[in-house]
Amino acid sequence: MARPLVGIIGNHYLLNDQYPTHAGGTMNSEAIATVADCLPMVIPSDPRFVSVEELLERCDGFLLTGGRPNVHPEEYGEPYSEAHGDMDRARDAITLPLVRACVERGQPFMGICRGFQEVNVAMGGSLYPEIRDLPGRDNHRMPPDGTLEEKFALRHVVNLTEGGRFHALFGSTEVLTNTLHGQGIKRPGARVVVEGHAPDGTPEAIHIKDAPGFTMSVQWHPEWNAVNDPVSRPLFEAFGRAVHDWAKARQP
């Protein structure tokens, strides 16, 4: 049987500040191919080129990746300000209805960083534009300098709900993760269950209550060193199993 297909939600960039590009990050493709054992395909997340209906039909699961552009605050009923940073309305137009459709269909998806935030917004939640500006919160952004290894280094623990899905998956109520994000969950959306927090209280791990499929999503970047990391590997393996199960169930 051919490997099931995972649509990797891409981001829009201007290469060399002038050439329009869709990209998904090599680490995401590697994690999907080698750990989840699925066929990775980067999706140009723009409704001019693809529709949610086509993606649901063609793909078996979805990886909602991180990215520099943020979800537009109008999607959760707040006005835009410079603190919200760069936007990608085309990606919003694809991912938000895609998440809601997958939740109802039971089609597996996993959200990472921006993708984690998209899941919350899709379910009616809201975001803080800048976590580090909040009283008592830490700076969760990627270090501006250093090697790639230093930027993706493990930087804080995530405390997980005892007896929850993430506890069961990792076999511990405390895991060590990297952190490379500016925004974060302000108000959890309907059915969004927060099962992990950073030491400063920032939500880090969620799933959707009563969803029939895989919906586990994280604020950190598990695609880094996914083959060897003791937290990243079981997360991608579990996602891969869910995608394989979906693909088998839809076979005629």
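What follows draws every value from the coordinates through simple rules; no lab data is involved. Because the structure is predicted, anything quoted here is derived from the model rather than measured. Cβ placement follows ideal geometry from the backbone for every residue including glycine, while neighbour counts extend to all protein chains displayed.
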³J(HN,Hα) computed for each position of region 237-252 - Karplus, 6.51 cos²θ - 1.76 cosθ + 1.60, integer Hz, glycine/proline x: 5, 5, 4, x, 4, 5, 5, 4, 5, 4, 4, 5, 5, 8, 5, x
Unit charges on C-beta of K, R, D, E only; dipole of the chain, Debye: 520 debye
Burial ordering of Glu82, Glu57, fewest other beta-carbon atoms within 10 Å first: Glu82, Glu57
Compactness of region 1-77, expressed as Rg and Dmax over alpha-carbon positions, Å: 13.7, 45
Relative contact order (%) - criterion: Cα under 8 Å, at least six apart; region: region 5-250: 21 percent
Phi-based couplings in Hz for region 174-183 (Karplus 6.51, -1.76, 1.60; Gly and Pro marked x): 9, 10, 9, 9, 7, 7, 8, 9, x, 9
Bins of 5 Å, starting at 0 and running to the largest distance - Cα pair percent for region 20-121: 2, 11, 23, 25, 21, 11, 4, 2, 0
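Determine the dipole magnitude for region 58-143: charges of +1 sit on the beta-carbon of Lys and Arg, -1 on that of Asp and Glu, nothing else is charged, the reference point is the Cα centre, and the result goes in debye to the nearest 20.
300 debye
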For region 97-102, Karplus couplings with θ = phi - 60° (6.51, -1.76, 1.60), whole Hz, Gly/Pro x: x, 5, 4, 4, 5, 5
At R0 = 45 Å, FRET efficiency that the Cβ-Cβ distance of Asp86 and Ala2 yields, to 0.05: 0.75
Most mobile of Pro143, Pro212, Pro79 in a GNM of the chain (Cα contacts under 10 Å): Pro79
For the chain, with +1 on Lys and Arg beta carbons and -1 on Asp and Glu, the positive-most of Cys102, Val158, Gly24 along the dipole: Cys102
Computed [θ] at 222 nm, deg cm²/dmol, the chain (DSSP H ≥ 4; -39,500 (n - 2.57); rounded to nearest 500): -7500 deg cm²/dmol
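Looking only at Cα atoms, what is the convex hull volume of the chain per residue, in Å³?
In the chain, the Cα convex hull volume per residue is 130 Å³.
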Part-to-part distance (alpha-carbon centres) for region 201-252 and region 174-196, which is given in Å: 14 Å
